[in-house]
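In what follows, a structure is listed as structure tokens, so that the remarks can point back to it.
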């Protein structure tokens, strides 16, 4: 597995965990849950924030649930 594939796999894990925790998680808790040092997640969650897949509020990260086109009507 390449480094980019590793990063993509961890990003997918981050999203899966946060989908299951609608109350959100702090980065340290997310790292503990995934069994990795939270500092290793900083760049990855930053990328997910920029992509609009996560939101951060008061140091807590949340999965962004997209509304369907139907629900906007």
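Every number here is computed from the coordinates shown, using simple stated rules; none is lab data. Keep in mind the model is a prediction, meaning the values are calculated, not measured. A quick note on method: Cβ atoms are made from the backbone with ideal geometry, for glycine too, and the neighbour counts reach across all protein chains shown.
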Determine which single condition residue 4 fails, assuming it passes every other condition in (1) touching a helix residue (DSSP H, G or I) at 6+ places or on another chain (Cβ under 7 Å); (2) loosely packed, with under 14 Cβ neighbours inside 10 Å.
(1)
Looking only at the stretch 1-57, how many residues end up being in contact with a strand residue (DSSP E or B) (Cβ under 6 Å, 6 or more places away or on another chain) and part of a loop (DSSP other than H, G, I, E, B)?
1
Mind counting the residues in the stretch 45-59 that are surrounded by fewer than 16 Cβ atoms within 10 Å (Cβ to Cβ) and touching a residue at least 24 places away in the same chain (Cβ under 8 Å)?
3
